[in-house]
Amino acid sequence: MKTHCFRLRRGADLLSSLEDYAKTQHLKAASVVCAVGCVSAAVVRDASGVNIRALCEPLEIVSLMGTLSEARTHLHISFSREDLSTVGGHLREGCIVNTTAEIVLLELDGVCFDAEYDEDTGYDELVILEDTP
């Protein structure tokens, strides 16, 4: 396993930056270990899988988890508001880094994450393949 550590700066889109990193580093399978920082605005999809919410306020990243590869990402995020309430959902483009976002990814050995359309869910779902060198 290999660890990837990097920092995103003000103005970066969190999701796009993670997807770009996975592609440029040719990540076959990785998981988010840690992510801390803050955003000036956020966009998340709620649990219905339909509703997308835009949050135009400063938010602290308190959790980011999920799987990513150069082929796909599936990430969930939680934020803390100024009143210390928490909100979160499925990470979408539009989460804009305010001051910083410190990211730690763990690249997994022996597997490759891909996606395949699932008629039951209506989404491209995770397919885990054996990675042969």
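The values are calculated or read from the model by the stated rules, or taken from the named source; none is laboratory data. Predicted, not measured: the structure shown is a model, and the values here were computed from it. All Cβ positions, glycine included, derive from the backbone under ideal geometry; neighbour counts span all protein chains shown. Surface areas here come from the heavy atoms of the whole protein model, side chains and all, with no ligands, DNA or RNA. Shrake-Rupley method; radii C 1.70, N 1.55, O 1.52, S 1.80 Å.
Some values worked out for this structure:
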| read-out | value |
| --- | --- |
| Filter pass, L129 being free of Cβ contacts under 8 Å to residues at least 40 places away in the same chain, under 19 Å from A30 (Cβ atoms) and more than 13 Å from the chain's Cα centre (by Cα) | yes |
| Qualifying residue in segment 79-91 (condition: within 18 Å of R7 (Cβ to Cβ), modelled with pLDDT of 95 or more and open to solvent by 40 Å² or more (accessible area, probe 1.4 Å)) | no |
| Members of segment 102-125 found to be within 15 Å of the chain's Cα centre (by Cα) and within 18 Å of K23 (Cβ to Cβ), listed by number | I103, L105, L106, E107, F113 |
| Residue ranges of strands (runs of 3 or more DSSP E) in segment 1-96 with at least 2 members within 27 Å of E107 (Cβ to Cβ) | 2-9, 30-45, 59-68, 73-80, 86-91 |
| Top-ranked residue of segment 62-76 - restricted to ones that are under 12 Å from the mean Cα position of the chain (by Cα) and open to solvent by 30 Å² or more (accessible area, probe 1.4 Å), ranked as nearest to V97 (Cα to Cα) | S63 |
| Residues of segment 32-61 that turn out to be exposed (fewer than 15 other Cβ atoms within 10 Å of the Cβ) and under 13 Å from the mean Cα position of the chain (by Cα), as a count | 3 |
| Test result for T99, β-branched (V, I, T) and over 23 Å from S31 (Cβ atoms) | yes |
| Single condition F113 does not satisfy, out of (1) out of contact with any Cys (no Cβ under 6 Å at 6 or more places or on another chain); (2) more than 25 Å from R10 (Cα to Cα); (3) open to solvent by 50 Å² or more (accessible area, probe 1.4 Å) | (3) |
| Index of the failed condition, T121 passing every other in (1) surrounded by fewer than 18 Cβ atoms within 10 Å (Cβ to Cβ); (2) within 19 Å of V32 (Cβ to Cβ) | (2) |
| Which listed residue is more than 22 Å from D131 (Cα to Cα) and of a type outside the set (K, R), from V32, V87 | V87 |
| Among the residues listed as A29, A12, the single one being out of contact with any Leu (no Cβ under 6 Å at 6 or more places or on another chain), of a type outside the set (K, R) and in contact (Cβ under 8 Å) with a residue 60 or more places away in the chain | A12 |
